[in-house]
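Asks: Before I ask anything, let me first share the structure, which is written out below as structure tokens.
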Amino acid sequence: MPANIVIGTQWGDEGKGKVIDILASRAQVVVRSQGGNNAGHTVVSGGETYKLHLVPSGILYPDTQCLIGAGVVLDPKDFIGELDAMESRGISTADLKIDPRAHVVMPWHLTLDGLSEKFRGNNDIGTTKRGIGPAYMDKYERCGIRICDLVDPAVFPEKARATGSLKNAIITKVYGGEAHDLDAVIAEYTAYGERLRPYVADVSVLTQEAYKAGKTILFEGAQATLLDIDFGTYPFVTSSHPLSGGVCVGTGIGPRMIDSIIGVAKAYTTRVGKGPFPTELNDEIGETIRNKGGEFGTTTGRPRRTGWFDAVIVRHSVRVNGLDGLAINKLDTLCGIGDLKVCVGYRKADGTVLKDFPPSLEKLAECAPVYETFPGFTEDITGCRKFEELPEACRNYIEALERLCECKVCMVGVGPDRDQMIER
Ligand code: GDP
Ligand code: IMO
Ligand code: MG
């Protein structure tokens, strides 16, 4: 398996970190290619829990190199905090590299994320307030600051002052907010640049070299398909391309390098932040899933909205990502909740049933989910390690998801630990 992609198929938090950590035991390189510290990827190993935001989930293996590609937006302050936290737990980050083309999340991006959300009032997106949208806006506006600028004292102050003055004008004159002290920002961020300089290297080149050397490479998706700026529930999305297609652009590699693409889903659905969620459960079952599954955001701590598995969105993900296999996590969370429902289509007001996820949220709002119901299970499955060891109801449920999503299920998660995974 020389080059494999792992991406999210729902609205994030499907357990991508866990899947990457498991596969990284057989890989030499793990690459992040988009998003920023809006991501929160949990890895549990031997009772220790690691919550990763920018550091790739291969970091626990000392011989696996972790790379951060050009498509990522990197908050240096937060990232340095994460490096220090890993080092203090005895995990070396010395070999980690960041592409010089990656954009820097500056303090005004955080300010503008907060101010624009406030300005939207009830129509807010529910962002993670990590400055992600504003950082990508500057990238596409062509006034962003890149890592190669941050680490170059001959370049950074001038660029920071130019873009910072523009952002201060927007903050104060449009939003009535408080301007950033540019001298203080430049001094603070110049120091971050000093600290990060040894980590900077061309990730496109390193990935290509690793590939040529026959090393196994894993591409770690952040966010998820329904949060994609084009194929997600726009505008309730993030500002990058969490799709498999985004990996090539965000790393600087060609699509022919990719051997397989695995999509990660939960055995139910969650969403944090606002936006449509056709199978949402605002009832006791939803509350039970939230509590049993510990469904609280890894990055912001917000309670996650919960609902039934939606085969319409996962089938959409199978198509737009070209998935070869699905990893279904958290089957154990559904133990004891009774019958299990799966959404198989959306019924429109005229009675016809949509099979494909609609682009218009207004049209989606007129639809009601159509469910198939499957028997639930009460057995403890957290010790199962083979598919055949699962109770019949679990096997039937997984096989139904396979049929409804039109994709093979290659992994089934039965607990948070890296050992609690069934591979098929
Ligand atoms: P990511 O953003 O996709 O990496 O997912 P998160 O780490 O944000 O959220 C997934 C949560 O589910 C984490 O707390 C994981 O430890 C946990 N998890 C992952 N797989 C399983 C599983 O199969 N069973 C249970 N019970 N928890 C899991
Ligand atoms: P991982 O990688 C779940 C959501 C936010 C919000 C929307 C836009 O852990 O799966 P942003 O801050 O990106 O502008 O917020 O996207 N969001 C996530 N939800 N998991 C994530 O990452 C997310 N990253 C962003 O909650 O709805
Ligand atoms: Mg997460």
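The values are calculated or read from the model by the stated rules, or taken from the named source; none is laboratory data. This is a predicted model, so every value here is computed, not measured. Cβ sites come from the backbone with ideal geometry, for glycine too, and all protein chains shown count toward neighbours. Just so you know, the surface numbers come from the protein's heavy atoms only, side chains and all, with ligands and any DNA or RNA stripped out. Shrake-Rupley method; radii C 1.70, N 1.55, O 1.52, S 1.80 Å.
Asks: Please report, as a whole percent, how much of the solvent-accessible surface of the stretch 103-196 comes from carbon and sulfur atoms (probe radius 1.4 Å).
Replies: 54
Asks: Over the stretch 94-183, average the accessible area per residue using a 1.4 Å probe and give it in Å², no decimals.
Replies: Per-residue accessible area for the stretch 94-183 comes out at 50 Å².
Asks: How much accessible area does S240 have with a 1.4 Å probe, in Å² rounded to the nearest 10?
Replies: Spelled out: S240, probe radius 1.4 Å, area about 10 Å².
Asks: Might you tell me the accessible area per residue for the stretch 265-423, computed with a 1.4 Å probe and given in Å²?
Replies: 42
Asks: Can you sort R418, R403 by 1.4 Å-probe accessible area, starting with the largest?
Replies: Order by accessible area, largest first: R403, R418.
Asks: Additional query: Would you calculate the separation in nanometres between label points at D259 and S92, each defined as 7 Å from the Cα along the Cα-to-beta-carbon direction?
Replies: With each label placed 7 Å out from Cα toward Cβ, I get 2.6 nm.
Asks: A further question follows. Suppose we keep just the DSSP beta bridges with both residues in the stretch 265-423; what percent of those would be antiparallel, to 5?
Replies: 70
Asks: So, one more: So for E158, E194, what's the accessible-area order with a 1.4 Å probe, most first?
Replies: Descending accessible area places them as E158, E194.
Asks: What is the spin-label model distance, in nm, from E389 to A368 if the labels are put 7 Å beyond Cα along the C-beta direction?
Replies: Placing both labels 7 Å along Cα→Cβ, they lie 4.3 nm apart.
Asks: To the nearest 0.05, what FRET efficiency results for I170 and E287 with a Förster distance of 30 Å applied to their C-beta separation?
Replies: Efficiency at R0 = 30 Å is approximately 0.15.
Asks: With n ≥ 4 as the cut-off for DSSP H runs, can you work out [θ] at 222 nm for the chain, using -39500 (n - 2.57) per run divided by the number of residues, rounded to the nearest 500?
Replies: Calculated at 222 nm, the ellipticity per residue is -9500 deg cm²/dmol.
Asks: Place a point 7 Å from the Cα of D230 along the Cα-to-Cβ direction; which residues of the stretch 31-52 have their backbone N under 17 Å from it?
Replies: 34-35
Asks: Something else: Can you run the Rg to Rh ratio on the stretch 103-196? Use alpha carbon positions and the Kirkwood inverse-distance Rh.
Replies: Rounded to two decimals, Rg/Rh equals 0.98.
Asks: Another one. Apply 1/(1 + (r/R0)^6) to the Cβ-Cβ distance of A154 and T49, taking R0 = 56 Å, and write down the FRET efficiency to the nearest 0.05.
Replies: Efficiency at R0 = 56 Å is approximately 0.85.
Asks: Roughly how many Å is it from the Cα centre of the stretch 260-289 to that of the stretch 315-385, as a whole number?
Replies: Taking the Cα centre of the stretch 315-385 as reference, the centre of the stretch 260-289 is 9 Å away.
Asks: If you don't mind, another one. Quick one, can you get me the convex hull of the C-alpha atoms of the chain expressed as volume per residue in Å³? Walk me through the intermediate numbers first.
Replies: Numbers: hull volume 57.7 nm³, N = 424.
Per residue, the Cα convex hull of the chain comes to 136 Å³.
Asks: Rounded to the nearest 10 Å², what accessible area does D283 show when all protein chains are kept and the probe is 1.4 Å?
Replies: My reading of the accessible area for D283 is about 70 Å².
Asks: Lysines near K97 by alpha-carbon distance under 22 Å, same-chain residues fewer than 8 away left out - which ones?
Replies: K16, K18, K51, K77, K139, K212, K215
Asks: Principal axis lengths of the stretch 141-204 from Cα atoms, whole Å, largest first?
Replies: 39, 25, 16
Asks: So what's the projected area for the stretch 51-146, the Cα convex hull averaged over all directions, in nm²?
Replies: 6.8
Asks: Evaluate the distance, in nm, between pseudo-label points positioned 7 Å from the Cα of E178 and of S204 along their respective Cα→Cβ axes.
Replies: It works out to 4.1 nm between the two label points.
Asks: Rank F374, F156 by accessible area, highest first, at a 1.4 Å probe radius?
Replies: Per-residue accessible area, sorted high to low, gives F374, F156.
Asks: Ignoring ligands, DNA and RNA, what percent of the accessible area of the stretch 219-277 is carbon or sulfur (1.4 Å)?
Replies: With neighbouring chains kept in place, the figure for the stretch 219-277 is 61 percent.
Asks: Any chance you could count the Lys pairs in the stretch 265-423 whose alpha carbons are under 20 Å apart, treating pairs 8 or more apart or on different chains as valid?
Replies: Total qualifying Lys-Lys pairs in the stretch 265-423 comes to 18.
Asks: On a C-alpha basis, how far is the centre of the stretch 125-166 from the centre of the stretch 193-250 in Å? Whole number, if you could?
Replies: Cα centroid to Cα centroid, the span is 19 Å.
Asks: Based on alpha-carbon positions alone, could you give the equivalent ellipsoid semi-axes of the stretch 265-423 from the gyration tensor, as √(5λ), descending, whole Å?
Replies: On the way: eigenvalues 126, 67, 47 Å².
Each semi-axis is √(5λ); the values are 25, 18, 15 Å.
Asks: I'm checking a number: the convex hull volume of the Cα atoms of the stretch 212-286, normalised per residue, in Å³. What is it?
Replies: Working: hull volume 8.4 nm³, N = 75.
Output value, Cα hull per residue: 112 Å³.
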